[in-house]
Amino acid sequence: MKHLKLDDGDMLPILGLGTWKSEPDEVYRAVKEAIRVGYRHVDCAAIYGNEAEVGRALQESFDEGVVDRDDVWITSKLWNDSHAREDVRPALEETLSNLRLEFLDLYLVHWPIAFEKGVGFPRSGDEILSLEERPLEETWAGMQATREAGLTRHIGVSNFSVPKLKTLNAADGRGPAVSQVELHPYLQQPGMLEYCDDAGIVVTAYSPLGSGDRPERLKDEDEPVLLEDPVIGEIAERHDATPAQVLIAWAIQRGTAVIPKSVNPGRIRENFEAAELELSDEDMEEIAGLDRHRRYIAGSGFARIEGSPYTVEGLWDE
Ligand code: A2P
């Protein structure tokens, strides 16, 4: 398994298991199976509502001697309702308790969006705070404090645009170690990769398979289905591989970490084996031509609520 070197020399396993949308009972089996197959990186978040079951699977895997804690990379994310500086540590402590861990390897600010405390998904604009009311620098200071306290080994962000990443780098000599964003052939984000490369930030690609199991309310009618793309299909055939494997191998070859979600044992293994697939320069060029800046996770749900201070354009600064 390849690794990516972080700002302090630590190594992030390039391929991890995603757990968004995995039902609690399914995620328990998925994490156990993934670790058994060889995954050494699991991507979690408090808002996924399944960290307790991930924690049970991790604990059993440690107790059964399948893997040691120090050999698995665990990421989790701070939800939008805990952006006040004093709320960050308790939120992380709850995640640690659910995951049955003493520390995380990586803790990410999930979104550059703030809610009132206790709000999972807001029903009205009154439950949403603007970035002026709850500046990201304040949240970042809370994140730094958790790293200093030894509750997480690294900190980073998710769903931050390059301009927002820059504000954190300016506020703090030591910026985010990782930027986790949606990345796949329809949303290649070359500017993000270039900026992060220069700034020494490792990039993780989420929704690498196009997130086809998102709730219907988060989908557009007639949206393109990445796993059915004919160019990806042809490349897969040439390599005697599957489209999902091509998408995962593409992410790895671009030097990004990648976290495909699956709860299916056959697909968990298939995705793991994608790390062995080598795409040619010609394959990579063909895939480069597929970019259409298509976000599947646009954050429009946060912007559409009446009275929300956020807009989709402002969220991504584009
Ligand atoms: P399942 O969990 O039943 O395997 P993303 O990582 O982009 O969010 O995509 C997750 C979606 O892709 C889920 O619907 C997942 O279903 C599906 N998926 C995961 N691995 C594969 C694969 N190898 N082939 C086809 N679909 C896959």
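Observations
- Across the range 33-52, the number of residues qualifying as open to solvent by 10 Å² or more (accessible area, probe 1.4 Å) and more than 19 Å from Glu102 (Cβ to Cβ) comes to 7.
- Evaluation of Leu58 against (1) open to solvent by 10 Å² or more (accessible area, probe 1.4 Å); (2) touching a residue at least 24 places away in the same chain (Cβ under 8 Å); (3) farther than 24 Å from Ala244 by Cβ (one fails), failing number: (1)
- Picking from residues in the range 187-210 that are part of a helix (DSSP H, G or I) and open to solvent by less than 30 Å² (accessible area, probe 1.4 Å), the one that is farthest from Ile297 (Cα to Cα) is Cys196.
A quick yes/no check of all residues on (1) within 10 Å of the ligand (Cβ to nearest atom); (2) at positive phi; (3) open to solvent by less than 10 Å² (accessible area, probe 1.4 Å):
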| site | (1), (2), (3) |
| --- | --- |
| Glu221 | no, no, no |
| Val225 | no, no, no |
| Glu237 | no, no, no |
| Ile248 | yes, no, yes |
| Lys261 | yes, no, no |
| Arg267 | yes, no, no |
| Glu276 | no, no, no |
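- Selection of the range 211-263 for residues being small (Gly, Ala, Ser) and either part of a loop (DSSP other than H, G, I, E, B) or farther than 27 Å from Pro24 by Cα (or both) yields Ser211, Gly212, Gly233, Ala236, Ala241, Ala249, Ala251, Gly255, Ser262.
- So Ser76, is it in a strand (DSSP E or B) and either open to solvent by 10 Å² or more (accessible area, probe 1.4 Å) or out of contact with any Gly (no Cβ under 9 Å at 6 or more places or on another chain) (or both): yes
- Test: residue in the range 12-22 that is assigned to a helix (DSSP H, G or I) and within 16 Å of the ligand (Cβ to nearest atom): no
- Members of the range 111-133 found to be open to solvent by 40 Å² or more (accessible area, probe 1.4 Å) and acidic (Asp, Glu), listed by number: Glu116, Asp126, Glu132, Glu133
- Residue check for Gly307: more than 12 Å from the ligand (Cβ to nearest atom), on the phi > 0 side of the Ramachandran plot and either touching a Ser or Thr at 6+ places or on another chain (Cβ under 9 Å) or of a type in the set (A, V, I, L, M, F, W, C) (or both): yes
- Single match in Gly142, Gly173 (criterion: out of contact with any Cys (no Cβ under 9 Å at 6 or more places or on another chain) and either among the basic types (Lys, Arg) or surrounded by fewer than 19 Cβ atoms within 10 Å (Cβ to Cβ) (or both)): Gly173
- Residue-level check: of (1) in contact (Cβ under 8 Å) with a residue 40 or more places away in the chain; (2) away from the ligand (no atom under 16 Å from the Cβ); (3) open to solvent by less than 10 Å² (accessible area, probe 1.4 Å), Pro163 misses just (3).
- Filter result for Gly16 (small (Gly, Ala, Ser) and at positive phi): no
The values are calculated or read from the model by the stated rules, or taken from the named source; none is laboratory data. Not measured: the values here are computed from a predicted model. Every residue, glycine among them, receives a Cβ derived from its backbone with ideal geometry; neighbour counts consider all protein chains shown. When the accessible area is computed, the model is the full protein with side chains, heavy atoms only, and any ligands, DNA or RNA have been set aside. Shrake-Rupley method; radii C 1.70, N 1.55, O 1.52, S 1.80 Å.
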